[in-house]
1. Scan the stretch 105-119 for residues that are open to solvent by 50 Å² or more (accessible area, probe 1.4 Å) and over 25 Å from residue 44 (Cα atoms) and jot them down.
2. Can you confirm whether the stretch 144-153 contains a residue that is under 27 Å from residue 100 (Cα atoms), of a type in the set (Ser, Thr, Tyr) and touching a Gly at 6+ places or on another chain (Cβ under 7 Å)?
3. Is the stretch 36-48 home to any residue that is at negative phi, touching a Leu at 6+ places or on another chain (Cβ under 9 Å) and assigned to a helix (DSSP H, G or I)?
4. Please find, within the stretch 142-154, the residue that is least open to solvent (accessible area, probe 1.4 Å) out of those that are over 15 Å from residue 50 (Cα atoms) and not charged (D, E, K, R).
5. Which residue, of 157, 139, 126, is at pLDDT 85 or above, surrounded by fewer than 16 Cβ atoms within 10 Å (Cβ to Cβ) and of a type in the set (A, V, I, L, M, F, W, C)?
6. Of the residues that sit in the stretch 62-95 and are exposed (fewer than 10 other Cβ atoms within 10 Å of the Cβ) and within 22 Å of residue 179 (Cα to Cα), which one is modelled with the highest pLDDT?
Amino acid sequence: LFDLSLLQRCRRLELDRLKWNAYPLSPRERIMREQKDEDAVKPVLGEVGKRIDKLSPVPLFERESEIRHLVASLRGKRSVSSLLLVGESGVGKTALVYNLAARQGELDLPGKPVFHTPGSKIVAGMCGFGEWQERCRRMAVEASAGKGKILYFGNLMELLEVGQSSASAESIASFFRPWLIRGQFTAIAECTPA
């Protein structure tokens, strides 16, 4: 360095020490680290769903027996991994779920957060192959963390159809099926008898 400094034709020369990493991360390691940080920082349920357990109870008339039946199902001796509400359109299935979510403390249910997330909102903005599957995986991991969360998906038929393409027959419902079979989180959906 001294010999090189003699060749330098300037009045002043400063040498600084710089840190250099001789073992840089591979591209795969860098992506994995960024993905882990992204999963830890950015909760996906708040992004694709609306938390309904903090809302005020929806007015509901003459449905106390149905509410008690739902509470019994959720608190039963067997662990219930999912509920399907079947009824004609307009009978109050959605209002029943919203009321149940808002009255958890009053109904002696464990205070689990309840998120309403329709299938169309899950795949919104996803254009690449595997993007909605990754979002669903992150949703399932977040829903099963801690004491768990309840996911209210709304229309079951939408879950069965959204996500399918000519390249893959997998839908959102088939993606969540293994998680629900293992009972890792509770899901609620609704449909008509037809």
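The values are calculated or read from the model by the stated rules, or taken from the named source; none is laboratory data. Quantities reported herein were computed from a predicted structural model and do not represent experimental measurements. Here the Cβ is made from the backbone with ideal geometry for all residues, glycine too, and neighbour counts use every protein chain on show. For the accessible areas, the whole protein counts, side chains as well, though only heavy atoms, and no ligand, DNA or RNA atoms are used. Shrake-Rupley method; radii C 1.70, N 1.55, O 1.52, S 1.80 Å.
1. Scanning the stretch 105-119 gives 105, 106, 108.
2. Among the residues of the stretch 144-153, not one is under 27 Å from residue 100 (Cα atoms), of a type in the set (Ser, Thr, Tyr) and touching a Gly at 6+ places or on another chain (Cβ under 7 Å), which makes the answer no.
3. Yes: the stretch 36-48 contains one or more residues that are at negative phi, touching a Leu at 6+ places or on another chain (Cβ under 9 Å) and assigned to a helix (DSSP H, G or I).
4. 148
5. Matching residue, one of 157, 139, 126: 157.
6. Looking at the filtered set, the residue picked out is 76.
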